[in-house]
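Asker: Here it is, the structure in full.
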Amino acid sequence: MNFERNIIVTGGAGFIGSHVVRRLVRNYPAYRIINVDLLTYAGNLENLKDIENEPNYLFERADICDHEKMSRLISRYNVSGIIHLAAESHVDRSIRDPFTFACTNVMGTLSLLQSARNIWEQSPDGYHGKLFYHISTDEVYGALPFDSSLFTESTPYSPHSPYSASKASSDHFVRAFHDTYGLPAIITNCSNNYGPYQFPEKLIPLFINNIRQGKPLPVYGEGLNVRDWLYVEDHARAIDLIFHKGTPGDTYNIGGFNEKRNIDLVHSLIAVTDRLLGRPQGASLPLITHVTDRKGHDLRYAIDASKLQRELGWTPSLQFEEGLERTVRWYLDNEEWMERVTSGAYENYYREMYADR
Ligand code: NAD
Ligand code: TDX
């Protein structure tokens, strides 16, 4: 079958990547979507069960740090677009093991950039019709005080955690490849995502699962840190739009215009989860346990996404209350998914299946 375009999505078995893959596979039957993922602890092909047999979907197990393999894949499939999400993504893990974050996020991105550049430069039409789209985070901008200031696209980078330092470094390499070699590249910096298929080491799925099981809810410090939350399908929609309509060389901020203090978010999670489980209002409040704060815990992130709104007409479609209800319901309805993720069953199944790749 001949496809109009072949597009690699890296990290497509992860949380956000799986929503991006699903959206592109369903909305663009004329494209072939090639999900390139190493299947680390965070990669789970069960996230894509509903589309895995579609004729325009392909999975390739590969490490983005494997430069030869990345080059082979881009060549073999005549790839014209790369949407790069593969990364180590959890701040707490980066505090324990910064090296893995430098390897995957910095060297992996550099290896992929180099492969794309080499192959596209040598292709008959050069960079024409090609795009390297790098998915990044608002954490590269550092922390904001408790006032009305927001991160804009021109806020200077000031990362604090090993995770955000590695993402900032990868952003700089992407920009350098654009400025030095003319590689057509776009970077987007997004705020905290939430929704189905998020690995339960992150606040929202971890807490929903703990509320369900009556386990403690470990709130770091006083819980006063502020995050801006965006429903993951709204992020996937923004990525689709920017991939097709964004200007190469540009950066776009993506956010939910939806700031919450952690402690307030935890109260909302308890209210919704208790209600959906048929428990008395506030039954799970005693589970809140204040624990030692995260090292270097950034006080506040808040995104000004008005450029994206102004230039490409994107706004978040879901109100937070509705998104949260949908999310809690999904985790409660998908207890088996949660069970397989927390027990590690999903890893054994797919690791064996793709052991020879
Ligand atoms: P995730 O941890 O859920 O998924 C990461 C995926 O990358 C996994 O499938 C994993 O197997 C894969 N991967 C890791 N190392 C790899 C390697 N060496 N080669 C190939 N694949 C590899 O992450 P996520 O939360 O979905 O985040 C995706 C991207 O979006 C990341 O780049 C992250 O920095 C960025 N981001 C995330 C958020 C958020 O709130 N989760 C917000 C803004 C930006
Ligand atoms: O047990 C917890 N207790 C707690 O108080 C956890 C896991 C988190 N927290 C706090 C820390 C943060 O202030 O909740 C907030 C959210 O934490 P995470 O879910 O770990 O997300 P965060 O550190 O903000 O980073 C996320 O959003 C930006 C993603 O993991 C990143 O990949 C993304 O770039």
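The values are calculated or read from the model by the stated rules, or taken from the named source; none is laboratory data. Small disclaimer: the values here were computed from a predicted structure and weren't measured. With ideal geometry, Cβ positions are generated from the backbone for all residues, glycine too; neighbour counts draw on all protein chains shown. Each accessible area value is taken on the protein alone, full model and side chains, heavy atoms only, with ligands, DNA and RNA left out. Shrake-Rupley method; radii C 1.70, N 1.55, O 1.52, S 1.80 Å.
Asker: With the Cα gyration tensor of region 1-112 giving a ≥ b ≥ c as the square roots of its eigenvalues, does the rule (a/c under 1.5 for rounded; else a/b larger than b/c for prolate; else oblate) give rounded, prolate or oblate?
Answerer: Details: a/c = 2.55, a/b = 1.50, b/c = 1.70.
Oblate is the answer for region 1-112, as a/c is 1.5 or above yet b/c matches or exceeds a/b.
Asker: Now for a separate question. Can you give the calculated 222 nm mean residue ellipticity of the chain, where each DSSP H run of n ≥ 4 adds -39,500 (n - 2.57) and the sum is split over every residue, rounded to the nearest 500 deg cm²/dmol?
Answerer: Rounded to the nearest 500, the figure is -12500 deg cm²/dmol.
Asker: Could I have the simple spin-label model distance between Arg275 and Ser306, label points 7 Å from Cα toward Cβ, reported in nm to one decimal?
Answerer: Going by the 7 Å Cα→Cβ label model, 3.3 nm.
Asker: Mind checking which of Val25, Gly14, Tyr57 is farthest towards the positive end of region 1-73's charge dipole, using Cβ charges of +1 (Lys, Arg) and -1 (Asp, Glu) about the Cα centre?
Answerer: About the Cα centre, the residue reaching furthest to the positive side is Val25.
Asker: Please compute the modelled spin-label separation between Glu339 and Val291, points set 7 Å along Cα→Cβ, answer in nm with one decimal.
Answerer: My value for the distance between the label points is 2.5 nm.
Asker: What is the gain in length, in nm to one decimal, between Asp147 and Arg175 on full extension, counting 0.36 nm per residue of separation less the C-alpha to C-alpha distance?
Answerer: Extra length from Asp147 to Arg175 when fully extended: 7.1 nm.
Asker: With every protein chain present, what accessible area does Thr289 have (1.4 Å probe, heavy atoms only), rounded to the nearest 10 Å²?
Answerer: So the heavy atoms of Thr289 present about 50 Å² to solvent.
Asker: How large is the dipole of region 237-357 about the Cα centre if only Lys and Arg carry +1 and Asp and Glu carry -1, each at its Cβ, rounded to the nearest 20 debye?
Answerer: That gives a dipole near 280 debye.
Asker: Could you please state, rounded to a whole Å, how far the C-alpha centre of region 159-229 is from the C-alpha centre of region 276-348?
Answerer: 12
Asker: Can you tell me the dipole magnitude for the chain around its Cα centre, using point charges on the Cβ only (Lys, Arg +1; Asp, Glu -1), in Debye to the nearest 20?
Answerer: 160
Asker: Also, quick follow-up: Take the chain, connect every pair of alpha-carbon atoms lying under 10 Å apart with a spring to form a Gaussian network, then pick out the residue of Asn189, Asn44, Asn78 with the largest mean-square fluctuation.
Answerer: Asn78
Asker: Would you work out if region 170-231 is rounded, prolate or oblate? Take a ≥ b ≥ c from the square roots of the eigenvalues of the alpha-carbon gyration tensor; rounded if a/c is under 1.5, else prolate when a/b is larger than b/c, oblate otherwise.
Answerer: Numbers: a/c = 3.84, a/b = 2.73, b/c = 1.41.
Cα axes put region 170-231 in the prolate bin.
Asker: Let me ask you something else. Rounding to the nearest 20 debye, state how big the charge dipole of region 59-115 is about its Cα centre with +1 on each Lys and Arg Cβ and -1 on each Asp and Glu Cβ.
Answerer: Values: 6 positive and 7 negative charges, 30 e Å.
Roughly 140 debye, rounded to the nearest 20.
Asker: In what sequence, highest mean first, do 253-264, 324-335 appear when ranked by Cβ atoms within 10 angstrom?
Answerer: With the highest mean Cβ count within 10 Å placed first, the list reads 253-264, 324-335.
Asker: Compute the distance from the alpha-carbon center of region 99-153 to that of region 64-96, in whole Å.
Answerer: If you average the Cα positions of each part, the centres end up 11 Å apart.
Asker: List the relative contact order of region 129-244 as a percent without decimals, with contacts defined as Cα pairs under 8 Å and 6+ residues apart.
Answerer: Reported relative contact order: 29 percent.
Asker: Taking a ≥ b ≥ c as the square roots of the Cα gyration tensor eigenvalues, with a/c under 1.5 meaning rounded and otherwise prolate when a/b beats b/c, else oblate, which class fits region 34-188? Write down the numbers at each step before the final one.
Answerer: Working: a/c = 1.86, a/b = 1.32, b/c = 1.41.
It comes out oblate by the Cα gyration axes.
Asker: Something else about it: If you find the alpha carbon centre of region 1-40 and of region 246-260, how far apart are they in angstrom?
Answerer: Taking the Cα centre of each part, region 1-40 and region 246-260 sit 21 Å apart.
Asker: Could I have the simple spin-label model distance between Ile95 and Glu322, label points 7 Å from Cα toward Cβ, reported in nm to one decimal?
Answerer: 3.6
Asker: Ok, one more. Report the dimensions of the chain along its three principal axes from the alpha-carbon atoms, largest first, rounded to Å.
Answerer: 66, 45, 38
Asker: Using +1 at the Cβ of each Lys and Arg and -1 at the Cβ of each Asp and Glu in the chain, identify which of Ser80, Cys190, Pro159 lies farthest towards the dipole's positive end.
Answerer: Going by the Cα projections, it comes out as Ser80.
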